[in-house]
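The values are calculated or read from the model by the stated rules, or taken from the named source; none is laboratory data. No experiment lies behind these values; they were computed from the predicted model shown. Reconstructed Cβ throughout: ideal geometry from the backbone, glycine too, with neighbour counts over all protein chains shown.
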Amino acid sequence: MNQNETGKASNKNLQRRLVVIGGGAAGFFGAVNAARMNPSLKVIIVEKTSKLLSKVRVSGGGRCNVTHACFEISGLVKKYPRGTNFLKKAFYQFNTNDCVQWFEERGVKLKTEADGRMFSITDTSQTIIDCLMREANKFGVEILLNSEVKSIKRDEAGRFVIDLSGSRNLISDFICVACGGYPKSSMFEWVKALGHSIEEPVPSLFTFNIPGNPITQLMGVSVEKASVKIVGSKLADEGPLLITHWGMSGPAILKLSAWGARELANRNYHFSILVNWIPEYNEHTLRESWHEVRNEHSAQKIGNRNPFSLPNRLWLYLLHESGIKEEIRWADLPGKEQNKLIKNLTAQEFEVHGKTTFKEEFVTCGGIKLTEVDPNTMQSKVVTQLYFAGEILDVDGITGGFNFQHAWTSGWIAAKAIAGNIENT
Ligand SMILES: Cc1cc2nc3c(=O)[nH]c(=O)nc-3n(C[C@H](O)[C@H](O)[C@H](O)COP(=O)(O)OP(=O)(O)OC[C@H]3O[C@@H](n4cnc5c(N)ncnc54)[C@H](O)[C@@H]3O)c2cc1C
């Protein structure tokens, strides 16, 4: 293919062309579906690196967490801290059911794990990559690696002129921008130059650093269900919590980091949390039932009798933090220490200073403003024949396959709209 096409005569008689920017999940899904839905369309993926589908390859520990077994749109949209209303319309066109079916029709059967995450039954992301590559070959999708888009302009005939690294360029009738999330707003300049505005990017999905706190000595200890609140905000979530050598991790923390991504960035990742280790109680209800707990175990040593089924190391730590000696009998527990223990069990306060990326897995909160994109087509409301898909949009989900689901959904919708739009251009 000629990779420097400016100055050529009008391409009215040429095949209509779609250039997809980015060879990730959203770009591939958009490209292969557009090529399949309209064989008269020439589809080209341009990818700045030498690798395709790299996040698909590494996600889910190399197994690719394709989606999440959440089949009702009303429930699905609640898993996205940003983009709920936009996605309500988008999922109406292509949701989890469609995703499972799409892969199954191409020989990739998915299974659901206990926590709802869905993977290929082969337990390797290579199956997903092979499937997408087969589709790309089958429908003649061309791929240009090591080709970074630097800028996009429109010529007099209304076609896009895409400047690529290496002083090359491409001409296209349609563009689908699927370049993923960028960590810095300066990286969006080439998209902003088209007339789009962005929500400032900040990271989502991170764990909390609690440096120097004795809790970190319990690294490796986890509880099945804890609830965590951010002091001075409405942010609260619950779920499994893992104590690490730097602070706290696990689904309860990751979900909170996603819902609070922007607010926590504004606080420069310095804030306090309240952890309830036994969320079936609050401070008030625990105080009310305390005499029963105490009477039931009155003759036993408090260190030997942990009535809340907490991990033993955590129980001993909580006693220690409440100034209670393990040898004391339940009946002899002084009122002051008892109050301290009740507080520590239901609302223990920790100072968070900083964050850590979770297993290198992260997603960007922020991106192209959703008010500038039509969720029914993924077409820009600012520039005609320009489409968006995936994490470049100001949409992000909690962990568990929701970010890939959004990539498949937006890629598919853009493909359908472009494939159906050709005759109108
Ligand atoms: C380690 C890791 C694990 C993850 N695990 C999960 C998970 O288990 N479940 C889940 O749902 N989500 C997970 N995510 C998030 C998920 O991978 C992303 O949300 C999803 O891949 C986004 O797809 P995308 O196609 O929009 O962007 P990307 O996958 O980021 O692809 C964008 C592509 O565009 C290319 N590109 C960028 N700029 C340009 C340019 N100017 N010109 C040309 N090419 C360009 C990039 O090189 C990249 O290949 C994980 C993320 C990471 C980092």
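The table below lists the values:
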{"read-out": "Scope segment 175-190; condition in a helix (DSSP H, G or I) and either surrounded by fewer than 17 Cβ atoms within 10 Å (Cβ to Cβ) or more than 9 Å from the ligand (Cβ to nearest atom) (or both); matching residues", "value": "Ser185, Ser186, Met187, Phe188, Glu189"}
{"read-out": "Selection count, segment 309-356, where residues are more than 24 Å from Gly232 (Cβ to Cβ), basic (Lys, Arg) and without any contact (Cβ under 8 Å) to a residue 60 or more places away in the chain", "value": "3"}
{"read-out": "Any hit, segment 146-160, residues being surrounded by 21 or more Cβ atoms within 10 Å (Cβ to Cβ), touching a Phe, Trp or Tyr at 6+ places or on another chain (Cβ under 6 Å) and within 16 Å of His196 (Cα to Cα)", "value": "yes"}
{"read-out": "Out of Ile368, Ile392, sole residue that is over 14 Å from the mean Cα position of the chain (by Cα), of a type outside the set (Asp, Glu) and within 16 Å of the ligand (Cβ to nearest atom)", "value": "Ile368"}
{"read-out": "Subset of segment 203-216 that is touching a residue at least 60 places away in the same chain (Cβ under 8 Å) and more than 15 Å from the ligand (Cβ to nearest atom) - its residue that is surrounded by the most Cβ atoms within 10 Å (Cβ to Cβ)", "value": "Phe208"}
{"read-out": "Answer residue from segment 351-363, given it is modelled with pLDDT of 95 or more and either charged (D, E, K, R) or crowded, with 18+ Cβ neighbours inside 10 Å (or both) and is farthest from Lys89 (Cα to Cα) among those", "value": "Glu351"}
{"read-out": "Any hit, segment 63-81, residues being under 21 Å from the mean Cα position of the chain (by Cα) and more than 30 Å from Arg262 (Cβ to Cβ)", "value": "yes"}
{"read-out": "Listing of helices (runs of 4 or more DSSP H) fully contained in segment 220-337 that carry 1 or more residues being more than 30 Å from the chain's Cα centre (by Cα), surrounded by fewer than 18 Cβ atoms within 10 Å (Cβ to Cβ) and modelled with pLDDT of 95 or more", "value": "283-296, 312-321"}
{"read-out": "Pair list, Cβ under 6 Å, 6 or more apart: segment 42-64 residue of a type in the set (Gly, Ala, Ser), other residue near the ligand (Cβ under 9 Å from one of its atoms)", "value": "Ser59/Asn65"}
{"read-out": "Candidate set: segment 37-83, residues that are of a type in the set (Gly, Ala, Ser) and surrounded by fewer than 20 Cβ atoms within 10 Å (Cβ to Cβ); chosen: the one nearest to the ligand (Cβ to nearest atom)", "value": "Ser54"}
